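Chemist: I have a structure here, written as structure tokens, and I will follow up with some questions on it.
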Amino acid sequence: MLTDKQVNLLKEKFNKSVYLNYDLSKSSWLNTGGLAKVFFKPENIAELSNFLKLLEENTKVLVIGAGSNLLIRDGGINGVVIKLGKNFSHISLLNENTIVAGAAALDKDVSSFALKNKIKNFEFLSCIPGSIGGAIRMNCGCYGEELFSLAISIQAIDKKGNLKVIPKSKIKYFYRGSDLSEDLIFLSVTLKGEKADEKYITKKISDLLQRKSEAQPSKIKTCGSTFKNPTKDPKKQAWQLIKNSDCLQLAFGDAQISPKHCNFLINKKSASSEDLEKLIYAIKEKVFDKTGIKLELELKIIGDPK
Ligand SMILES: Cc1cc2nc3c(=O)[nH]c(=O)nc-3n(C[C@H](O)[C@H](O)[C@H](O)COP(=O)(O)OP(=O)(O)OC[C@H]3O[C@@H](n4cnc5c(N)ncnc54)[C@H](O)[C@@H]3O)c2cc1C
């Protein structure tokens, strides 16, 4: 827990980068959630490291990216929320087929950069609305590709302010996750693709975007797939289990199931995080009662209830 004395010290030392009682609903694609006691937007690694070194050991520290996979509870966060500033959104070429991308860079910008440099295998990133930090944490992916199939190494800082470079060989990764410590704040990633013809890459991006827009809702408040697919069985994908378990009419206030893709939950207008969480648990219960399968969340739920 952060005391007022600590809050004042952080504000005094990191004035322009610290926002007090920051409304986190602005930082989630679902547009719900309470306040962060301290919201910190570091401009560079030195500032981030100095800030982390000043925190007391028991301070709650959470990192957010683009907020496209986050349900932030209505009681907010009685601690520090870190969102990397614009200097962390650099994207550069290391050699002809290798890219270094800052954790605040958007996935789609990394995909566009790869296209511009005629490097393939980054196309799927144009379909994912998150940042590279969230992509690493989630091992995000679609259409048979995932972040760790491109990664060579991750650059990170731990919550004591120590910098680390972690080669992929030291990371166990799996569907929508890895064994990378929750204590790490990712700073950047090195990603390797293959040289290819620009026309091939452009066509692939456009095909994938088309597939996405046909299957998934857009321009609404959602956080994408709520639950992980429980198995590789194409007949037991999360959306099929939800559909076959009489869930489609479930709703709590404005928290509803997307009619276009039932693994996407939507905030139709003014749902609270509590409404959305109730919907999540109601779906889990119905699917379990019908199929005996316990759905696991892909969405990350953070913060305290109101
Ligand atoms: C319309 C829509 C479609 C989507 N389609 C897909 C899809 O096809 N495939 C897919 O995999 N996902 C999809 N998603 C989900 C989401 O975009 C991904 O999970 C994405 O990788 C999350 O990135 P983010 O930056 O938004 O992370 P956030 O939602 O901000 O955070 C997600 C997690 O990452 C952690 N995190 C973020 N930045 C850092 C950092 N710098 N260091 C350490 N941890 C960090 C957070 O603490 C949190 O645990 C979709 C979401 C939407 C809204």
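Chemist: Kindly state, to the nearest 0.05, the FRET efficiency for THR98 paired with GLU198, given R0 = 22 Å and r defined as their beta-carbon distance.
Modeler: Between THR98 and GLU198 the formula returns 0.80.
Chemist: Does the range 217-302 come out rounded, prolate or oblate by the C-alpha gyration tensor, with a ≥ b ≥ c the root eigenvalues, rounded set by a/c under 1.5 and, if not, prolate when a/b is larger than b/c and oblate if not?
Modeler: Note, shape of the range 217-302 comes out prolate.
Chemist: Sticking with this one: Just going by the charge dipole of the range 30-75, with Lys and Arg at +1 and Asp and Glu at -1 on Cβ, which of ASN69, LEU54, VAL38 is farthest out on the positive end?
Modeler: Selected residue: ASN69.
Chemist: If I compute solvent accessible area with a 1.4 Å probe over the protein chains, what percent of it on the range 171-306 is carbon and sulfur?
Modeler: Here it works out to 50 percent.
Chemist: How much area per residue is accessible in the range 217-302 when the probe is 1.4 Å and only protein heavy atoms are counted (Å²)?
Modeler: Result: 56 Å² of accessible area for each residue.
Chemist: Over the chain, what relative contact order in percent results from Cα pairs under 8 Å that are six or more residues apart? Walk me through the intermediate numbers first.
Modeler: Values: 642 pairs, mean separation 55.1, N = 306.
Normalised by residue count, the contact order of the chain is 18 percent.
Chemist: Using Cα centres only, tell me the gap between the range 161-204 and the range 1-22 in whole Å.
Modeler: 32
Chemist: Return the calculated 222 nm mean residue ellipticity for the chain, to the nearest 500 deg cm²/dmol, obtained by summing -39500 (n - 2.57) across DSSP H runs with n ≥ 4 and dividing by the residue count.
Modeler: -8000 deg cm²/dmol
Chemist: Taking amide hydrogens as modeled 1.01 Å from N in the peptide plane, which residues meet the under 5 Å criterion relative to GLY75, leaving out close sequence neighbours?
Modeler: GLY34, ASP304, LYS306
Chemist: Looking only at the chain, where both bridge partners belong to it, what percent of the DSSP beta bridges are antiparallel (to the nearest 5)?
Modeler: 80
Chemist: From the phi angles alone, apply the Karplus equation (6.51, -1.76, 1.60; θ = phi - 60°) to the range 116-127 and give each ³J(HN,Hα) in whole Hz, x where the residue is Gly or Pro.
Modeler: Values per residue, Gly and Pro as x: 4, 9, 6, 10, 9, 5, 9, 4, 4, 5, 6, 9 Hz.
Chemist: Enter the accessible area per residue of the range 6-86 (Å², integer; probe 1.4 Å; all protein chains in place).
Modeler: On a per-residue basis, 45 Å².
Chemist: I've got another one for you. Give, in nm to one decimal, the length gained when the segment between THR291 and TYR175 is fully stretched (0.36 nm per residue of separation minus the Cα-Cα distance).
Modeler: Working it through step by step, the gained length comes to 39.6 nm.
Chemist: Okay, moving on. Take every Cα pair under 8 Å in the range 178-291 that's 6+ residues apart, average their separations, divide by the length, and report that relative contact order as a whole percent.
Modeler: Across the range 178-291, relative contact order equals 22 percent.
Chemist: Can you list the GluC sites (Glu not before Pro) in the range 101-189 that are in a DSSP coil and have 12 or fewer other beta carbons within 10 angstrom?
Modeler: Here the GluC sites (Glu not before Pro) that fit, given the DSSP loop and packing criteria, are GLU182.
Chemist: Would you kindly derive the ³J(HN,Hα) couplings of the range 217-226 from the backbone phi angles with the Karplus curve 6.51 cos²θ - 1.76 cosθ + 1.60 (θ = phi - 60°), listing them in order in whole Hz, with x for Gly and Pro?
Modeler: Running phi through 6.51 cos²θ - 1.76 cosθ + 1.60 with θ = phi - 60° gives x, 9, 6, 9, 7, 8, 10, x, 5, 7 Hz.
Chemist: Report, in whole Å, the centroid distance computed from the Cα atoms of the range 215-278 and the range 53-101.
Modeler: Using only Cα atoms, the two centres lie 26 Å from each other.
Chemist: Given the convex hull of the Cα atoms of the chain, what is a quarter of its surface area in nm²?
Modeler: One quarter of the hull surface, i.e. the mean projection, equals 15.9 nm².
Chemist: Sticking with this one: Divide, for the range 157-290, the radius of gyration over alpha carbons by 2.2 N^0.38 Å, where N is the residue count.
Modeler: 1.35
Chemist: Which of THR190, THR98, THR291 moves the most in a Gaussian network model of the chain with Cα springs under 10 Å?
Modeler: For the chain, modelled as a Gaussian network with Cα springs under 10 Å, the answer is THR291.
Chemist: Continuing with the same structure: Rounded to the nearest 10 Å², what accessible area does SER28 have for a 1.4 Å probe in the complete protein model?
Modeler: 10
Chemist: Here's something else I'd like to know. I need the shape label for the range 18-95. Rule: rounded when a/c is under 1.5, else prolate if a/b > b/c, else oblate, with a, b, c from the alpha carbon gyration tensor.
Modeler: Oblate, since a/c reaches 1.5 and b/c is not below a/b.
Chemist: I've got another one for you. Could you pull out the pairs from LYS26/LYS203; LYS26/LYS306; LYS16/LYS53; LYS86/LYS164 whose alpha carbons sit more than 25 Å apart here?
Modeler: Flagged as over cut-off: LYS26/LYS203.
The values are calculated or read from the model by the stated rules, or taken from the named source; none is laboratory data. Note that the coordinates shown come from a computational prediction; the quantities given were computed from them, not determined experimentally. All Cβ positions, even for glycine, are placed from backbone atoms using ideal geometry, and neighbour counts span all protein chains on display. To get the accessible areas, we keep the full protein, side chains included, count just its heavy atoms, and leave off ligands, DNA and RNA. Shrake-Rupley method; radii C 1.70, N 1.55, O 1.52, S 1.80 Å.
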